[in-house]
1. Considering only the range 215-256, how many residues are under 15 Å from the mean Cα position of the chain (by Cα) and either more than 25 Å from VAL63 (Cβ to Cβ) or surrounded by fewer than 20 Cβ atoms within 10 Å (Cβ to Cβ) (or both)?
2. ASP136: of a type in the set (Asp, Glu), under 17 Å from SER386 (Cβ atoms) and either under 16 Å from the mean Cα position of the chain (by Cα) or at pLDDT below 95 (or both), yes or no?
3. Would you check which residues across the range 111-120 are more than 12 Å from PHE173 (Cβ to Cβ) and loosely packed, with under 14 Cβ neighbours inside 10 Å and list them?
4. What residue, of GLY293, GLY316, is surrounded by fewer than 18 Cβ atoms within 10 Å (Cβ to Cβ) and under 24 Å from VAL56 (Cβ atoms)?
5. Find the residue count for the range 353-372, including only residues that are of a type in the set (Gly, Ala, Ser) and surrounded by fewer than 19 Cβ atoms within 10 Å (Cβ to Cβ).
6. Out of the range 51-99, which residues are of a type in the set (S, T, N, Q), modelled with pLDDT of 95 or more and in contact with an Asp or Glu (Cβ under 6 Å, 6 or more places away or on another chain)?
7. Would you check if LYS377 is out of contact with any helix residue (DSSP H, G or I) (no Cβ under 6 Å at 6 or more places or on another chain), more than 24 Å from TRP115 (Cβ to Cβ), among the charged types (D, E, K, R) and surrounded by fewer than 22 Cβ atoms within 10 Å (Cβ to Cβ)?
8. Only one of these is more than 17 Å from ILE174 (Cα to Cα) and buried (at least 17 other Cβ atoms within 10 Å of the Cβ): SER84, SER106, SER101. Name it.
Amino acid sequence: MWPTLVANKIFKKRLGSSDFIADFPSCKEPLLGIVDFDHNSKSIHNDHKGTQKCKVFVSTWNVGGIAPEEDLNIDDLLETCNDSCDIYILGFQEIVPLKASNVLGSENNDISMKWNSIIREALNKKSHKGGKDQSDGENLQNNCLNEKENSAKFCEAPHDVQCIISKQMVGIFISVWTRRDLFPFIRHPSVSCVGCGIMGCLGNKGSVSVRFQLHETSFCFVCSHLASGGREGDEKYRNSNVTEIFSRTSFPRGPLFDLPRTILDHDHVILLGDLNYRISLPEETTRFLVEKGDWDSLLENDQLKMELMSGNTLRGWHEGAIKFAPTYKYCPNSDIYYGCFYQGKKAEKRRAPAWCDRIVWHGEGLKQVQYTRTESKLSDHRPVKSMFTAEVRVLPKLMKNLQSLFLSERFDQIKTPFEVSTTDDFVRTKRSSFRL
């Protein structure tokens, strides 16, 4: 039976690899890509300088194959500043146990749907926190648009938050959420999955990458689970995984063939996940320095930090200062690192503490304003979260978007202006907006 499953996984056509789950706006609202020009909006696109900043939340969490309870509270994970973000990226690893039936069998989305339900409830509760009415929210939003470019503060408005992309590959899961009022300006959502696990191709290790365009700026988020192992030289397998992910990830070029195709082609790129990089010190030394809280000495020997400095695999990538304790590996439901009490024959089961869970970024116009961890004891990893401000390019007049879409010299390559693709533009018109 297993050889058949393996063959199917390796050789079958990847029919479902580009599909993803998303919430869709109601029929009363413009769909992704086209907006109603009769709508009197003072939203982000009207900034006369051509750029505006948005606030992006990113988190990563290896949940160790433990299914969440329906009432799981993730408020601590989402609690960043006193206000809400424009975009939320939540990445997970091992949302299902990495046993053979899950790696080789068909995808089971029950757990990812449960996570999405928990995220939806938490984000919309956060969105409406404070009980502001809609008019107050609109005033606050307009005040935000007048903010100086060098300000890192953002205003909170009670906007609904909805899912634009949600994708699972075995245990790797990424869920992307935005404020409802940003929907009209988000285009070209798509996904790309790369398996780097068993036989170099199965999805127990690898990445799920998502991309979309907000106004004229492209975003790409890569949720990864890299090769494990704390022995000397194991970091080479992780570097190899990264190289494979960068080379094999590919996105559609779009109906006008002008969209970024690879990860590094995008304007803003964030890599998140259980990257599994360890500390290149003897275990006893590592534990001693962890006990002292000497993060600087540990980070001097952190494999990912060394890779970022050498620039071999991650040339041009950045990571913020780490001011928190290693996130791996904890005893279940405790604050004690795994292996602290093992003696003699059980020593081989010990795992030295490490910052396995990381968030790094690439591209100009991204500024990290927070990088920390939270203290959920659900698994043997602690979640890590970050906050960014991202510059977004906008056109002076949205009519240019319509001209480039419908009046292009390559217009004849689009079968119909109402064509809908699951991996490219979502297009819909309203009679009050324009006519063809």
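1. Of the residues in the range 215-256, 1 are under 15 Å from the mean Cα position of the chain (by Cα) and either more than 25 Å from VAL63 (Cβ to Cβ) or surrounded by fewer than 20 Cβ atoms within 10 Å (Cβ to Cβ) (or both).
2. No: the conditions fail for ASP136.
3. The one that is more than 12 Å from PHE173 (Cβ to Cβ) and loosely packed, with under 14 Cβ neighbours inside 10 Å: SER117.
4. So the residue among GLY293, GLY316 that is surrounded by fewer than 18 Cβ atoms within 10 Å (Cβ to Cβ) and under 24 Å from VAL56 (Cβ atoms) is GLY316.
5. Number satisfying all stated conditions: 1.
6. Within the range 51-99, THR60, ASN62, GLN93 meet the criteria.
7. No; evaluated as a whole, the condition is false for this residue.
8. None of the other options fit; the residue is SER84.
The values are calculated or read from the model by the stated rules, or taken from the named source; none is laboratory data. Nothing here was measured: the structure is a model prediction, and the numbers come from that model. So basically every Cβ, Gly included, is an ideal-geometry build from the backbone, and we count neighbours across all protein chains shown.
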